[in-house]
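J.: Sharing a structure with you now.
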Amino acid sequence: MPAEGPREPPPVLISEEEISGRVDELAAQISLDYADKGEIILIGVLKGAFVFLADLARRLTIERRIEFIALSSYQYGAESGAVRLLMDVRTDVRDRHVLIVEDIVDTANTLHYLIDMLRAREPASLRCCALVRKKERIRSEVEVDYLGFDIPDRWVVGYGLDLREQYRTLPYIGIVDP
Ligand code: PRP
């Protein structure tokens, strides 16, 4: 059987330059909003958020600490919406300012679960920042405090986002047909 050839690069939805410009703006806004709050804890949601978190965190001008959390959503039947905790943060968030960093908000079930879970730990404040959001797919009521882009309901890859673990390191956000 012949080896699989190189894949065509996915068409661009959001270019590297557009992402970079928006991450600059988000970092500036967050730095301003938390300027007098002391250290904040950034919680990146694995795996997808690793690229966005790395870029955002390095552009902040405020004191910050990095944490990660891993969640998995069950996709039995027609998207049951059940979320399971795979790996927790390694620090106590009580009385700390917490900012969740997500790559994508799709149904928002993951974010909803995470906000409930973290809120129960009584942080001083809890906000979330997401790079992209599929507004028409949202099923859970959640507020995204800092948003990069609203996008159409297409399968997107790159900048941390994958299709069956492929394309995560693509430098832009592209569209694929799964
Ligand atoms: C993606 C993404 C979000 C979640 C959003 O994670 O990183 O965490 O889905 O979907 P929702 O709004 O419908 O809950 P995924 O489960 O694909 O895992 P990965 O980040 O490890 O690829």
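Only the coordinates and a few stated rules stand behind these numbers; no lab work does. Bear in mind the structure is a predicted one, so any value in this text is a computation, not a measurement. Heads up, the Cβs are rebuilt from the backbone with ideal geometry, glycines too, and the neighbour counts pull from every protein chain shown.
J.: I'd like the distance between the alpha-carbon centres of the stretch 20-71 and the stretch 117-178, rounded to an integer number of Å.
T.: 14 Å
J.: May I pose another question? Apply the Debye scattering formula to the stretch 24-99, with a single equal point scatterer on each alpha-carbon and no solvent, then give log10 I(q)/I(0) at q = 0.16, 0.19, 0.23 Å⁻¹.
T.: Each listed q maps to, in turn, -0.66, -0.84, -1.04.
J.: To continue, here is another question. Looking at the stretch 12-152, what % of its DSSP beta bridges pair antiparallel, to the nearest 5?
T.: Values: 4 of 28 bridges.
Close to 15 percent.
J.: Applying the Karplus parametrisation 6.51 cos²θ - 1.76 cosθ + 1.60 with θ = phi - 60° to the phi angles of the stretch 86-99, what ³J(HN,Hα) value in whole Hz is obtained for each residue in order, glycine and proline being reported as x?
T.: 9, 8, 8, 5, 9, 9, 7, 9, 4, 6, 10, 8, 10, 10
J.: Once label points are set 7 Å from the Cα along Cα→Cβ at both residue 137 and residue 88, what is their separation, rounded to one decimal in nm?
T.: Going by the 7 Å Cα→Cβ label model, 2.9 nm.
J.: Can you spot the aspartates and glutamates whose alpha carbon is less than 14 Å from residue 134's alpha carbon? Ignore those fewer than 8 places along the same chain.
T.: 102, 103, 106, 143, 150, 153
J.: When the gyration tensor of the stretch 12-152 is built from Cα positions, what are the square roots of 5 times its three eigenvalues, in whole Å, from largest to smallest? Walk me through the numbers before you get to the answer.
T.: Details: eigenvalues 103, 81, 31 Å².
Equivalent ellipsoid semi-axes, largest first: 23, 20, 12 Å.
J.: Here's a follow-up. Which whole DSSP H helices in the chain pass both tests: a Cα extent of 18 Å or more along the axis and a mean Kyte-Doolittle value no lower than -0.5?
T.: Values: long enough: 16-33 (25 Å, -0.37).
Helices meeting the span and hydropathy rule in the chain are 16-33.
J.: Run the numbers on the chain and let me know its relative contact order in percent, using alpha-carbon pairs under 8 Å that are six or more apart. Provide the component values of the computation, followed by the final result.
T.: Working: 337 pairs, mean separation 40.5, N = 178.
It comes to 23 percent, rounded to a whole number.
J.: About the Cα centre of the chain, what is the dipole size in debye to 20, counting +1 per Lys and Arg Cβ and -1 per Asp and Glu Cβ, all else neutral? Write down the numbers at each step before the final one.
T.: On the way: 23 positive and 31 negative charges, 80 e Å.
Roughly 380 debye for the chain.
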